[in-house]
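Please treat every number below as a calculation from the coordinates, not as lab data. Not measured: the values here are computed from a predicted model. Quick reminder, even Gly has a Cβ in these numbers, built from the backbone with ideal geometry, and neighbours come from all protein chains shown.
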Amino acid sequence: MKLNVCHLYPDLLNLYGDRGNVIAFKQRCSWRGININLLEVNPGEQINFKEMDFL
């Protein structure tokens, strides 16, 4: 199984430890044999939301 994960504005929205949550999420998926494709999107960048499984 593979999940496409979008981390929106990682540099701006890391006020409450979101980066740590993403790291923990990736590790938990790894333990379960789930591959993660992490896409970090910054302001002004285009994204195809139809390709993402998790925001």
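Under 5 Å from the amide H of L3 lie the amide H atoms of N35, I36, N37, each residue being 5 or more positions distant or on a separate chain, with H modelled from the backbone and absent for Pro and chain starts. For the chain, the relative contact order is 61 percent, taking Cα pairs closer than 8 Å that sit 6 or more residues apart in sequence and dividing their mean separation by the residue count. Were the residues from L39 through L3 laid out at 0.36 nm apart, the gain over their Cα-Cα distance would be 11.9 nm. Computed over Cα pairs, the Kirkwood radius of the chain leads via Stokes-Einstein (1.306 mPa s, 10 °C) to a diffusion coefficient of 135 µm² per second.
Using R0 = 30 Å, the C-beta based FRET efficiency linking F54 and D11 works out to 0.95. Protection proxy ranking for 20-32, 43-55, using the average of other Cβ atoms within 10 Å per residue and placing the highest first: 20-32, 43-55.
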